[in-house]
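Peer 1: Dropping a structure here in structure tokens format, bear with me for questions.
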Amino acid sequence: MDSARLTTHKPVTADVAPETVLHQVFGYDQFRPLQGEVIHELVAGRDAMVLMPTGGGKSLCYQVPALVRPGTGIVISPLIALMQDQVMALRQLGVRAAFLNSTMDFQQARDTENALLTGELDLLYCAPERLLQPRTLELMHQASISLFAIDEAHCVSQWGHDFRADYLGLDILAREFSEIPRIALTATADERTRKEIAERLSLTDARHFISGFDRPNIQYRIAPKINANKQLIDFIKEEYATDAGIVYCLSRNKVEATARLLCSKGYTALPYHAGLPSEMRAEHQERFLREDGVIVVATIAFGMGIDKPDVRFVAHMDLPKSLEAYYQETGRAGRDGNPSTAWMVYGLQDVIKLRQMLEGSAGNDHFKRVERQKLDAMLGLCEITTCRRQALLRYFGDKQETPCGNCDTCLVPPETWDGTVAVQKALSCVFRTGQRFGVSYLIDVLRGVENDRILQAGHHAVSTFGIGSELSSAEWKSVFRQLVANGHLRADPEGYGALQLTESCRPLLKGEQTVNLRKDPVIKSRKTAGAGSKVKDQITDHVGWEALRACRKTLAEEQGVPPYVIFHDTTLFEILERRPQCLEELAGVSGVGAAKLERYGEAFLKALAALGADATQAS
Ligand code: ADP
Ligand code: ZN
């Protein structure tokens, strides 16, 4: 971004109320829960630690105080893409924002540094490694700083999945800039991690602001894997045919194959994984952000720092390793608060694969034990027969008293059945065949199939041969999956997929303990219910909607930004509903701040007027 465009608007002067900034700059009516309190804390010069779910509105917590307090707010952010997005969006709001990172040449960096020193910046985004360079620290000492914001603060946690060594150096801010308020923000942190963050960043005196973890607009759905590709296509076709979404796969090959599959069905699907050239990755990310209805198929390498608000679905073709990962990945859906879906299919092979990866991984016993617990929790969520959201929130220490009504188990409660005898048969079949065989073989023995392998091994003569003909292969698969998920069976550590008994299966084998199993529902893709209807579904005036979208698209192209940076869908929808006749009326729409009103107001009024004219002509 060129520095010539740095000064976009008049600075907001000091001594304004946070509410005024919210209204004038951001165009919003009121603070979301906790935002007001956090902002008050910082404006008063105190530190804060903020835990809010994705889409909860963390950015405003430091952006508003940075505009209210004198000086520049320094934002430490781990990802360059994220910085660029934020700066772009802020400039659209008329905020004087810039970033310092390794993508800039010497002159650009110089210009930005000068702007900082001469007080021409409201916000400066900076990568941690950049900030910690002696030269940058020296610069900070010379400048007038309003606050330090440490975004994605969980990166400081060595146990977390996003650990960034540079974050460890950030406690220097506490020592060298003790008089400047600091705020740490994250969306993913259990109590232990939160404590770790506070300690490592020397934020021990900071007040903690913890908002609920719930993302009510996301519908959680987990289905047994039958024909994963077909299930995915049906889901997208029936519910999100023209929307943006992310599909996660475990391996690069599968990413490629799934992207090809979706393309062959007419979707714009782009692969994204660490094995692709970085230019291609950047291009795919860019298209995802800027074009409408792009699907990115990705390994977990994709997503952190993707601020796109209108991602309508996140689909998992493979099981994530932990609930933390699941929650973070699914959390990328619906940041704009509109109905969205977290969709996943999983099957026995996923369970076996993850268990094997874990046992075969390097790492000491303690590490493995923690990982095993995490995987168990993930599997528990898959097999649960009660509300998924309650279970998820409980895991994160956030209680919800009543079932949510917006997850698959709430919408279509799964049936259970008494699996005591089936489980006994399955376990004893594993035992009788020597704990050396995989699930298909075991099912064949149970169902009495006389194939060559079984005959050769002599397993047509074991006592469990043919004792399980009352269940179909699919039903037996479901039994085995639940046994592995619950830890009564494990896949052999050598990785051949042979199932072995564990200690915990003893009482089951003896029939001393009754077992309730989940009856896998017959999969029919279901229309979403209870989530409130999607913005799209509420639109009756399609001509008007398309006209406003076209207007937004033109402006976005002129500005070189994604359409949602001009206005979110919700703002566009409100404009369509309210049909403002003048700038003043337009200013009343949520999401229309002073700068955007001035820049784009006329264009949208014109687009509305043209519609009106058409309508009159037509009648
Ligand atoms: P987070 O960083 O917590 O994931 P963001 O700061 O990106 O969330 O905010 C999510 C969305 O909510 C953004 O589009 C933002 O503009 C919007 N938002 C934040 N605060 C408010 C508010 N007080 N009123 C209306 N919209 C808001
Ligand atoms: Zn529920």
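The values are calculated or read from the model by the stated rules, or taken from the named source; none is laboratory data. Computed from a prediction, not measured in an experiment: that's the story for all the values here. Ideal geometry is used to build each Cβ from the backbone, glycine not excepted, and the neighbour counts take in all protein chains shown. In case anyone asks, the SASA skips ligands and DNA or RNA and just uses the protein heavy atoms, side chains included. Shrake-Rupley method; radii C 1.70, N 1.55, O 1.52, S 1.80 Å.
Peer 1: Please determine whether any residue of segment 75-91 is of a type in the set (S, T, N, Q), farther than 23 Å from residue 154 by Cβ and in the same structural domain as residue 46 (by TED's automatic domain parsing).
Peer 2: Step one: of segment 75-91, the residues of a type in the set (S, T, N, Q) are 77, 84, 86.
Now drop any that are not farther than 23 Å from residue 154 by Cβ, which leaves none.
Checked segment 75-91: no residue is of a type in the set (S, T, N, Q), farther than 23 Å from residue 154 by Cβ and in the same structural domain as residue 46 (by TED's automatic domain parsing).
Peer 1: Can you report the number of residues in segment 438-471 which are acidic (Asp, Glu) and assigned to a loop (DSSP other than H, G, I, E, B)? It would help to see each step written out before you state the result.
Peer 2: From segment 438-471, those acidic (Asp, Glu) are 444, 450, 452, 470; that's our starting set.
Add one more test, that the residue is assigned to a loop (DSSP other than H, G, I, E, B), and what stays is 450, 470.
Count: 2.
Peer 1: Could you tell me which of the residues 376, 365, 398 is without any contact (Cβ under 8 Å) to a residue 60 or more places away in the chain and among the acidic types (Asp, Glu)? Break it down into steps so the answer makes sense when it comes.
Peer 2: Details: 376 fails: without any contact (Cβ under 8 Å) to a residue 60 or more places away in the chain; 398 fails: without any contact (Cβ under 8 Å) to a residue 60 or more places away in the chain.
Only one candidate passes the filter, namely 365.
Peer 1: Go through (1) closer than 21 Å to residue 213 by Cβ; (2) open to solvent by 30 Å² or more (accessible area, probe 1.4 Å) one by one and return the number of the condition residue 44 breaks.
Peer 2: (1)
Peer 1: Which residues, taken from segment 332-370, are open to solvent by 50 Å² or more (accessible area, probe 1.4 Å) and not small (Gly, Ala, Ser)?
Peer 2: Applying the first criterion (open to solvent by 50 Å² or more (accessible area, probe 1.4 Å)) to segment 332-370 yields 335, 349, 353, 357, 359-360, 362, 364-367, 369.
Those that are open to solvent by 50 Å² or more (accessible area, probe 1.4 Å) and not small (Gly, Ala, Ser): 335, 349, 353, 357, 359, 364, 365, 366, 367, 369.
Peer 1: Being on the phi < 0 side of the Ramachandran plot and hydroxyl-bearing (Ser, Thr, Tyr) is the filter here; which residues of segment 198-252 pass it? Show your work before the answer.
Peer 2: First, pick out the residues of segment 198-252 that are on the phi < 0 side of the Ramachandran plot: 198-201, 203-252.
Scanning segment 198-252 gives 204, 211, 220, 240, 242, 248, 251.
Peer 1: Answer with yes or no whether residue 301 is crowded, with 16+ Cβ neighbours inside 10 Å and in contact (Cβ under 8 Å) with a residue 12 or more places away in the chain. Before you say what the answer is, go through the steps one by one.
Peer 2: Values: crowded, with 16+ Cβ neighbours inside 10 Å: no; in contact (Cβ under 8 Å) with a residue 12 or more places away in the chain: yes.
Considered against the rule, which asks whether it is crowded, with 16+ Cβ neighbours inside 10 Å and in contact (Cβ under 8 Å) with a residue 12 or more places away in the chain, residue 301 comes out as no.
Peer 1: Across segment 118-138, what is the number of residues that are among the aliphatic types (A, V, I, L, M), touching a helix residue (DSSP H, G or I) at 6+ places or on another chain (Cβ under 6 Å) and open to solvent by 10 Å² or more (accessible area, probe 1.4 Å)?
Peer 2: Qualifying residue count for the region: 1.
Peer 1: Quick one: would you say residue 321 is outside any loop (DSSP other than H, G, I, E, B), open to solvent by 40 Å² or more (accessible area, probe 1.4 Å), in contact with an Asp or Glu (Cβ under 8 Å, 6 or more places away or on another chain) and more than 16 Å from ligand 2 (Cβ to nearest atom)? Write out each step before concluding.
Peer 2: Working: outside any loop (DSSP other than H, G, I, E, B): no; open to solvent by 40 Å² or more (accessible area, probe 1.4 Å): yes; in contact with an Asp or Glu (Cβ under 8 Å, 6 or more places away or on another chain): yes; more than 16 Å from ligand 2 (Cβ to nearest atom): yes.
For residue 321, the condition - outside any loop (DSSP other than H, G, I, E, B), open to solvent by 40 Å² or more (accessible area, probe 1.4 Å), in contact with an Asp or Glu (Cβ under 8 Å, 6 or more places away or on another chain) and more than 16 Å from ligand 2 (Cβ to nearest atom) - is not met.
Peer 1: Next question. Return the only residue of 373, 435, 356 being within 30 Å of residue 467 (Cα to Cα), assigned to a helix (DSSP H, G or I), of a type in the set (S, T, N, Q) and more than 16 Å from ligand 2 (Cβ to nearest atom). Reasoning before the result, please.
Peer 2: Values: 373 fails: within 30 Å of residue 467 (Cα to Cα); 435 fails: assigned to a helix (DSSP H, G or I).
Of the residues listed, the single one that is within 30 Å of residue 467 (Cα to Cα), assigned to a helix (DSSP H, G or I), of a type in the set (S, T, N, Q) and more than 16 Å from ligand 2 (Cβ to nearest atom) is 356.
Peer 1: For residue 158, only one of the following conditions fails: (1) open to solvent by less than 30 Å² (accessible area, probe 1.4 Å); (2) free of Cβ contacts under 8 Å to residues at least 60 places away in the same chain; (3) polar (S, T, N, Q). What is its number?
Peer 2: Here residue 158 meets the rest and fails (1).
Peer 1: Shifting gears a bit: For residues that are at pLDDT 95 or above and more than 18 Å from residue 85 (Cβ to Cβ), tally how many sit in segment 120-130.
Peer 2: 1
Peer 1: Sort through 572, 576, 605, 597 and tell me the only one that's open to solvent by less than 10 Å² (accessible area, probe 1.4 Å) and touching a Leu at 6+ places or on another chain (Cβ under 7 Å).
Peer 2: 572
Peer 1: It is to be established whether one or more residues within segment 411-421 are open to solvent by 30 Å² or more (accessible area, probe 1.4 Å), closer than 17 Å to residue 484 by Cα and modelled with pLDDT of 90 or more. Outline the logic, then answer.
Peer 2: Of the residues in segment 411-421, the ones open to solvent by 30 Å² or more (accessible area, probe 1.4 Å) are 411-413, 415-418, 421.
After this cut, where a residue has to be closer than 17 Å to residue 484 by Cα as well, the list is 421.
Narrowing further to those that are modelled with pLDDT of 90 or more: 421.
For segment 411-421, residues open to solvent by 30 Å² or more (accessible area, probe 1.4 Å), closer than 17 Å to residue 484 by Cα and modelled with pLDDT of 90 or more: present.
Peer 1: While we're looking at this one, here's another question. How many residues, within segment 32-84, are of a type in the set (Gly, Ala, Ser) and within 18 Å of the chain's Cα centre (by Cα)?
Peer 2: Step one: list which residues in segment 32-84 are of a type in the set (Gly, Ala, Ser), which gives 36, 44-45, 48, 55-57, 59, 66, 71, 73, 77, 81.
The next check asks that each one be within 18 Å of the chain's Cα centre (by Cα); those that pass are 55-57, 59, 77, 81.
Selection size over segment 32-84: 6.
Peer 1: Hey, another quick one. Quick check, is residue 151 in contact with a Ser or Thr (Cβ under 8 Å, 6 or more places away or on another chain) and among the charged types (D, E, K, R)? Break it down into steps so the answer makes sense when it comes.
Peer 2: Values: in contact with a Ser or Thr (Cβ under 8 Å, 6 or more places away or on another chain): yes; among the charged types (D, E, K, R): yes.
Considered against the rule, which asks whether it is in contact with a Ser or Thr (Cβ under 8 Å, 6 or more places away or on another chain) and among the charged types (D, E, K, R), residue 151 comes out as yes.
Peer 1: While we're looking at this one, here's another question. When the residues of segment 376-409 are narrowed to those that are among the small types (Gly, Ala, Ser) and open to solvent by 30 Å² or more (accessible area, probe 1.4 Å), which ends up farthest from ligand 2 (Cβ to nearest atom)? Spell out how you get there, then give the answer.
Peer 2: Here is the first cut: in segment 376-409, the ones among the small types (Gly, Ala, Ser) are 377, 380, 391, 397, 405.
Checking which are open to solvent by 30 Å² or more (accessible area, probe 1.4 Å) leaves us with 380, 397, 405.
Numbers: 380: 15, 397: 18, 405: 6 Å.
Restricting to residues being among the small types (Gly, Ala, Ser) and open to solvent by 30 Å² or more (accessible area, probe 1.4 Å), the top hit is 397.
Peer 1: Please find, among 480, 465, the residue that is closer than 15 Å to residue 515 by Cβ, aromatic (Phe, Trp, Tyr) and outside the structural domain of residue 227 (by TED's automatic domain parsing). Steps first, answer last, please.
Peer 2: Details: 465 fails: closer than 15 Å to residue 515 by Cβ.
Every option except 480 fails the conditions.
Peer 1: Follow-up. Hey, can you tell me all the residues within segment 381-417 that are assigned to a helix (DSSP H, G or I), of a type outside the set (S, T, N, Q) and either within 16 Å of ligand 1 (Cβ to nearest atom) or under 19 Å from residue 347 (Cβ atoms) (or both)?
Peer 2: Across segment 381-417, the qualifying residues are 381, 382, 383, 388, 408.
Peer 1: Scan segment 228-241 for residues that are assigned to a loop (DSSP other than H, G, I, E, B) and touching a strand residue (DSSP E or B) at 6+ places or on another chain (Cβ under 9 Å) and jot them down. Let's see the steps before the verdict.
Peer 2: Taking segment 228-241 and keeping what is assigned to a loop (DSSP other than H, G, I, E, B), we get 240-241.
Within segment 228-241, 240 is the sole residue that qualifies.
Peer 1: Exactly one condition in (1) in a helix (DSSP H, G or I); (2) at pLDDT 85 or above is not met by residue 341; state its number.
Peer 2: So residue 341 meets the others, but not (1).
Peer 1: Just need a number here: residues in segment 462-477 that are over 13 Å from residue 433 (Cα atoms) and polar (S, T, N, Q).
Peer 2: 3
Peer 1: Based on this model, can you work out whether residue 540 counts as within 23 Å of residue 291 (Cβ to Cβ) and hydroxyl-bearing (Ser, Thr, Tyr)? Explain how you work it out, then say what you get.
Peer 2: Values: within 23 Å of residue 291 (Cβ to Cβ): no; hydroxyl-bearing (Ser, Thr, Tyr): yes.
Judged against the criteria, residue 540 is not a match.
Peer 1: If I ask for residues that are surrounded by 14 or more Cβ atoms within 10 Å (Cβ to Cβ) and over 20 Å from residue 35 (Cα atoms), which ones from segment 173-190 would you list?
Peer 2: Start the filter on segment 173-190 by keeping residues that are surrounded by 14 or more Cβ atoms within 10 Å (Cβ to Cβ), which leaves 173-174, 177, 180-190.
Correct list: 173, 174, 177, 190.
Peer 1: Across segment 495-519, what is the number of residues that are assigned to a strand (DSSP E or B) and closer than 21 Å to residue 225 by Cα?
Peer 2: Taking segment 495-519 and keeping what is assigned to a strand (DSSP E or B), we get 499-501, 516-518.
In the following step, the residues that additionally are closer than 21 Å to residue 225 by Cα were identified as 499, 516-518.
Residues meeting the conditions: 4.
Peer 1: Residues of segment 12-70 being part of a loop (DSSP other than H, G, I, E, B) and more than 14 Å from ligand 1 (Cβ to nearest atom), which ones? First the steps, then the outcome.
Peer 2: Of all residues in segment 12-70, those part of a loop (DSSP other than H, G, I, E, B) come to 12-17, 27-34, 44-47, 52-57, 69-70.
Within segment 12-70, 12, 13, 14, 15, 16, 17, 44, 45, 46, 47, 69, 70 qualify.
Peer 1: Scan segment 48-67 and tell me whether some residue there is among the hydrophobic types (A, V, I, L, M, F, W, C), more than 26 Å from residue 130 (Cβ to Cβ) and surrounded by fewer than 24 Cβ atoms within 10 Å (Cβ to Cβ).
Peer 2: No; the residues of segment 48-67 include none that is among the hydrophobic types (A, V, I, L, M, F, W, C), more than 26 Å from residue 130 (Cβ to Cβ) and surrounded by fewer than 24 Cβ atoms within 10 Å (Cβ to Cβ).
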